[in-house]
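Chemist: Following this message is one structure expressed as structure tokens.
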Amino acid sequence: MKAIYVTRPSLPDFETYMNEIKDLWDSHYITNMGSKHKALEATLKDYLEVEGLTLYTNGHLALESGLEAFDLEGEVITTPFTFISTTHAIVRKGLKPVFCDIREDNFTIDVTKIEDLITDKTCAIAGVHVYGNICDIEAIDRLAKKYSLKVIYDGAHAFGVKYKGQSVARFGDLTMFSFHATKVFHTIEGGGCCYGDSSLSGRLDGDKNFGITGLEDVSYVGGNAKMNEFQAAMGLCNLQRLDEDIKKRKMLHDLYMEKLKDVSALRLPSIQDHVESNYAYMPIIFESKDQRDIVYDKLRSEEIYSRKYFYPLTKDAACYGDTFSHMETPVAERISNGVLTLPLYPELELEDVERICETLRAMF
């Protein structure tokens with residue numbers, strides 16, 4: 001029986017990648033914003049329809065740098081239904097996360113509950129786009145303008161997604177994307193910050209390069225988060241196949257939706273209006289943690305590896321102890337206890353999806 005994993009990195013043809021990196025052996029220029037880095041940066045600006053874009057060695061450091069670029073102080077309203085990186089980045093920058101509950105239908109931050117959490121200490125809203133679903137960006141924009149707040153999006157799940165025909169990278173003050181190997185678009189590891197204010201580029205470029213702003217100038221305390229040339233080369237190759245990969249993801253997603261639509265024990269993801277998804281993940285929701293865990297174990301016994309993603313909530317992480325336990329997010333807790341993401345990646349075979357669905361249907 002063939003094992004089916006929850007995800008699998010999409011790779012270009014071996015010869016395509018070898019041809020892309022061949023000239024690095026001539027130049028010996030393999031880091032510090034070389035030609036591949038510059039080419040990927042320019043190409044991604046066009047693809048994502050943004051004025052400013054800064055590349056990083058990974059998405060987490062991109063998010064930390066993005067937060068730091070605005071010299072924020074105080075509280076950031078965000079969601080606990082996300083990967084731990086989002087919360088860690090806020091805390092590591094000396095900010096306090098204030099957790100807002102999520103929507104029942106698309107798992108993004110519930111904008112109807114944000115305003116009650118705003119205080120004189122609030123400096124920003126950090127929304128998280130989830131599974132290819134996007135936050136209510138228009139409502140968040142209205143709140144940000146009303147209270148003079150910055151808006152930063154964790155777009156790790158939203159690369160290539162469009163809202164009303166526009167790239168989601170164009171919304172908010174800054175959007176972070178992860179280019180990790182498991183994402184829809186990847187550079188092996190990697191990440192980027194997108195922004196409309198091009199004046200941010202100097203600060204962000206300096207921050208990822210030790211605060212160096214000239215040959216003999218170190219203007220502030222920066223870190224090291226530069227994307228190397230091999231990562232950038234992988235990105236250039238993968239971008240060529242991205243649209244086709246998203247089409248394959250949609251086909252597999254649609255097959256799941258068709259095969260599981262009458263399984264009453266689980267809830268399928270909703271489809272957002274005006275959103276062109278990237279079909280990054282295939283979440284299903286069960287009524288209880290016990291039921292979810294039974295299904296998870298049954299699938300594993302059949303060598304089908306799903307993921308409890310996101311579980312547990314970030315505010316419940318052991319490293320935070322009881323710090324955030326008083327912040328009530330009942331919808332997020334219910335979804336976290338019931339969620340499984342099923343295998344989904346471009347090379348997944350249709351018969352594999354059929355097998356997964358038949359295993360689930362047989363249980364109910």
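Chemist: Would you mind telling me which numbered condition in (1) at pLDDT 95 or above; (2) surrounded by fewer than 21 Cβ atoms within 10 Å (Cβ to Cβ) R249 fails?
Modeler: That leaves (2) as the condition not met.
Chemist: To continue, here is another question. Identify, by number, the condition in (1) under 22 Å from R361 (Cβ atoms); (2) at pLDDT 95 or above that S270 doesn't meet.
Modeler: (2)
Chemist: Scan G206, G223 and give me the residue that is over 17 Å from Y29 (Cβ atoms), surrounded by 19 or more Cβ atoms within 10 Å (Cβ to Cβ) and out of contact with any Leu (no Cβ under 6 Å at 6 or more places or on another chain).
Modeler: Only one candidate passes the filter, namely G206.
Chemist: Ok, one more. For the structure I just gave you, tell me whether T54 is closer than 30 Å to D297 by Cα, modelled with pLDDT of 95 or more and surrounded by 19 or more Cβ atoms within 10 Å (Cβ to Cβ).
Modeler: Taking the combined requirement at face value, the residue does not satisfy it.
Chemist: Looking for something closer than 20 Å to G206 by Cα and assigned to a loop (DSSP other than H, G, I, E, B) - is there at least one such residue anywhere in segment 5-24?
Modeler: No, the conditions are met nowhere in segment 5-24.
Chemist: Follow-up. For segment 160-273, give me every one of the strands (runs of 3 or more DSSP E) that falls completely inside it and has 3 or more residues that are of a type outside the set (A, V, I, L, M).
Modeler: Result: 174-178, 191-195.
Chemist: If only one of E138, E189 is open to solvent by 60 Å² or more (accessible area, probe 1.4 Å), within 16 Å of the chain's Cα centre (by Cα) and not β-branched (V, I, T), which one is it?
Modeler: Among E138, E189, only E189 is open to solvent by 60 Å² or more (accessible area, probe 1.4 Å), within 16 Å of the chain's Cα centre (by Cα) and not β-branched (V, I, T).
Chemist: Go through segment 94-125 and give me each residue that's in a strand (DSSP E or B) and open to solvent by 10 Å² or more (accessible area, probe 1.4 Å).
Modeler: Hits for segment 94-125 are K96, V98, T122, C123.
Chemist: Also, quick follow-up: Hey, any hits in segment 126-145 for a residue that's among the hydroxyl-bearing types (S, T, Y), assigned to a strand (DSSP E or B), modelled with pLDDT of 95 or more and farther than 24 Å from Q272 by Cβ?
Modeler: Checked segment 126-145: no residue is among the hydroxyl-bearing types (S, T, Y), assigned to a strand (DSSP E or B), modelled with pLDDT of 95 or more and farther than 24 Å from Q272 by Cβ.
Chemist: Search segment 260-278 for residues that are under 24 Å from D290 (Cβ atoms) and among the β-branched types (V, I, T) and pair each with any residue that is open to solvent by 40 Å² or more (accessible area, probe 1.4 Å) and assigned to a loop (DSSP other than H, G, I, E, B) when their beta-carbon atoms are under 9 Å apart and the residues are at least 6 apart or on different chains.
Modeler: Partner pairs satisfying both residue conditions: V263/F364.
Chemist: Further, regarding this structure: Could you identify the single residue in S178, S201 that is open to solvent by less than 60 Å² (accessible area, probe 1.4 Å) and closer than 22 Å to N106 by Cβ?
Modeler: Of S178, S201, the one residue that is open to solvent by less than 60 Å² (accessible area, probe 1.4 Å) and closer than 22 Å to N106 by Cβ is S178.
The values are calculated or read from the model by the stated rules, or taken from the named source; none is laboratory data. Here the structure is a predicted model, which means the values were calculated and not measured. Positions of Cβ are generated from backbone atoms using ideal geometry, with glycine treated the same way; all protein chains shown enter the neighbour counts. Heavy atoms of the whole protein, side chains included, go into the accessibility calculation; ligands, DNA and RNA do not. Shrake-Rupley method; radii C 1.70, N 1.55, O 1.52, S 1.80 Å.
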